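Colleague: Take this structure, written in structure tokens, and hold onto it; I'll ask about it next.
The values are calculated or read from the model by the stated rules, or taken from the named source; none is laboratory data. Fair warning: this is a prediction, and the values are worked out from it, not measured in the lab. Glycine also receives a Cβ, built like all others from the backbone with ideal geometry; neighbour counts cover every protein chain displayed. We work out accessible area using only protein heavy atoms, side chains counted, and drop any ligands, DNA or RNA first. Shrake-Rupley method; radii C 1.70, N 1.55, O 1.52, S 1.80 Å.
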Amino acid sequence: MIEFIDVTKTYEKNAKHALQHVTLGIDKGEFVFLVGRSGAGKSTFIKLLLREIDVTSGTVKINGYDISRLTKKEIPYLRRKIGVVFQDFRLLENKSVYENVAYAMEIIGRPQSKIKKKVPNALEMVGLAHRMNHYPSELSGGEQQRVVIARAIINNPQILICDEPTGNLDPDTSEDIMNLLTRINNFGTTMVVVTHNQSMVDRMEKRVVTLEQGVVISDESKGRYDHGFF
Amino acid sequence: MASFNKGSTLRSILREALQSISRNRLMSVISVLSITAALMILGIFVVFTLNIQSLTANVESRLGMQIFLSEDYTELEKTNLEKALMDNPNIVEVTFEDVLDAKEKFSDELENYAILTTDLTGEKNPLPVSFIIKVDKPENLEEVKAYVESHSGNGVEYIRYGDNYVDSLLRFNYFVNILSILVLTVLTIISFVLIYNTIKLTIYARRKEIGIMKYVGATDRYIRTPFVFEGMVLGLIAAISALLLLRLGYYYFFGMIKGNVVIPIQSLLASPESVFKQIIVFFIIYGMALGAIGSRFAMKKFLDV
Ligand SMILES: Nc1ncnc2c1ncn2[C@@H]1O[C@H](COP(=O)(O)OP(=O)(O)O)[C@@H](O)[C@H]1O
Ligand SMILES: [Mg+2]
């Protein structure tokens, strides 16, 4: 599903590499934690996947297709295959929960009839059907993050990427969010989750890829967060 | 793109553009004023040119000639000259004119070519008695000139040709055109920069939405549309303001001229209706294009991600 082949990324000439010779494959339906210290290159990995930035060398493939060959016009269609949940990727305050999720369908031109059917289903899935007409300011942090997740999956992405999805949440709520992500993963969505939440990673017993200064220093199925650190 | 509820989309885009304009009220007003100013300059220039065209297109004005007799002309000289003028087949009209009845005549016959060949205030005219002639075709003008000159004896003081008048009008028009193009260019650049910055502010205010749109996979065109639309709305408002102001101004000017019967040139001017018919479409396109291009440039950097 996702293949990084000898990928190196350098933001500025002569600066240190943000990613160095990263080779990594993620299969369809996998659940992968991406961990590492701040500045290790995790966000760079995600940005390359979304083609927000281009590789300095190497190849990034999705479904076997080298995404560097996509034209600027085709990039939006790549992004429709990938849902994203960012820590700083907030909701629009002036739109209701329903409207925030519906918005993601509207902007890729889905018809209202489809939107009316799908949005309540997605909100049901994240457990917020009863909050449909509320505004983000009336929701708790965990509930807001659920809306963000509903929005990210509304267009049926093949891959869901979460950058620090529980960064601002308390442990119980984080647990709920992780369960939700697991459930989405169980439906077949490939999941890449960047996190600092050590105990969560350890408890989930999923594949863990650890980056350090742009290099993959460990890649363990049923891995632990602390591998190679201490 | 799949089927699309175009009606509601257009309405929501329009609503968002208006909301955004009222959010950036100051910048919006400044850019509208700037485009309005550019269009007003353009409008004055167009009105001017149309009028010059209207005046010069009137071939009669080129075909007129006025032969002033000296103060001490004799009846014989006058009769001979009149006869010579009448004899020339290319001269289709010969009128004898005495300044004393000139004023009256001008206010009656508005379209008389003599208007252009006569000093219109009687007291300024030192040569009160003249023949006003009309040549049949422009190509015979030179020949008639030579003919008239050869037959002007001592009794003739001065000959005034209509085409001198036309030439100086055209020279003046040329100067006005150059000046207008310069001013218009400068104003267009200023308007562009102002629109560009106004839309940048809008983009900044809505950067969160743009981020969401990008990550969900909205096309650049989709993201750009509301901003380009906003620019076009600003341009449209400016175009309409400029048209209204110009129309008002030209009516006022036209009315002023009408009120002055000593200078009855109104009949030779382009009417406000014809002027506005000619500029209305161009103004709206110019205003909206300027707005659209300004916004597109403002969006460019933002979408290059
Ligand atoms: N836009 C950028 N320009 C220059 N350097 C950058 C940019 N983004 C990230 N970097 C650098 O690349 C390295 C990896 O950053 P990043 O991928 O954001 O790390 P992480 O997400 O793991 O904290 C860091 O050294 C960071 O300073
Ligand atoms: Mg990061």
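Colleague: Could you please report the charge total around B:S22, scoring K, R as +1 and D, E as -1 over all other residues with beta-carbon less than 13 angstrom from its beta-carbon?
Modeller: Local net charge: +1.
Colleague: With r as the distance between the Cβ atoms of A:I5 and A:Y65 and R0 = 22 Å, compute the FRET efficiency 1/(1 + (r/R0)^6) and round to 0.05. The partial results should precede the final answer.
Modeller: Details: r = 13 Å, r/R0 = 0.57.
That pair, A:Y65 with A:I5, gives E of 0.95.
Colleague: Continuing with the same structure: Leaving out ligands, DNA and RNA, and with a 1.4 Å probe, what % of the accessible surface on the protein assembly as shown is carbon or sulfur?
Modeller: Values: 15000 of 26530 Å².
Within the protein assembly as shown, the accessible surface is 57 percent carbon and sulfur.
Colleague: Now for a different question. Provide a list, ordered by number, of residues in region B:216-235 showing at least 20 Å² less accessible area with every protein chain present than when their chain is taken on its own, using a 1.4 Å probe.
Modeller: Residues of region B:216-235 that lose at least 20 Å² of accessible area once the other chains are added: B:V216, B:G217, B:A218, B:T219, B:D220, B:Y222.
Colleague: Which value, in Å to one decimal place, does the Kirkwood hydrodynamic radius take for region A:89-156 when every pair of different Cα atoms is included?
Modeller: About 11.5 Å, per the Kirkwood formula over Cα pairs.
Colleague: Return the long-range amide H neighbours of A:L211 (sequence gap of 5 or more, or a different chain), with a cut-off of under 5 Å between placed amide H atoms.
Modeller: Here the answer is A:V35, A:G36, A:I217, since their amide H atoms fall under 5 Å of that of A:L211.
Colleague: If the limit is 19 Å between Cα atoms, which of A:K114/B:K214; B:K200/B:K301; A:K95/B:K301; A:K61/B:K208; A:K13/B:K208; B:K83/B:K145 go over it?
Modeller: Table pairs above 19 Å Cα-Cα are A:K114/B:K214; A:K95/B:K301; A:K61/B:K208; A:K13/B:K208.
Colleague: Now for a separate question. Rg to Rh for the protein assembly as shown: what is it, with Cα atoms only and Rh by Kirkwood? Working shown, then result.
Modeller: Working: Rg = 39.2 Å, Rh = 29.8 Å.
Looking at the protein assembly as shown, the ratio lands at 1.32.
Colleague: DSSP beta bridges in the protein assembly as shown, what fraction antiparallel, as a percent rounded to 5? Spell out each step's value before the answer.
Modeller: Details: 34 of 52 bridges.
Beta bridges within the protein assembly as shown, antiparallel portion: roughly 65 percent.
Colleague: Translational diffusion coefficient of chain A at 20 °C, 1.002 mPa s, Stokes-Einstein with Kirkwood Rh over Cα pairs, in µm²/s as a whole number. Intermediate values should be presented prior to the final figure.
Modeller: Details: Rh = 18.3 Å.
Translational diffusion coefficient: 117 µm²/s.
Colleague: Given contacts defined as C-alpha pairs under 8 Å and at least six residues apart, what's the relative contact order of region A:89-156, whole-number percent?
Modeller: Normalised by residue count, the contact order of region A:89-156 is 48 percent.
Colleague: If you don't mind, another one. Counting each DSSP H run of 4 or more residues in chain A as -39500 (n - 2.57), what helix-only mean residue ellipticity at 222 nm follows after dividing by all residues, to the nearest 500 deg cm²/dmol?
Modeller: Theoretical 222 nm ellipticity from helices: -9500 deg cm²/dmol.
Colleague: Compute the signed sum of charges (Lys and Arg +1, Asp and Glu -1) over the other residues within less than 11 Å, Cβ to Cβ, of A:S96.
Modeller: Around A:S96, the surrounding residues sum to -1.
Colleague: Interface size between chain A and chain B, please: total buried accessible area, 1.4 Å probe, rounded to the nearest 100 Å².
Modeller: 2100
Colleague: Can you give the net charge of the other residues whose Cβ lies under 12 Å from the Cβ of B:S70, counting K and R as +1 and D and E as -1?
Modeller: -3
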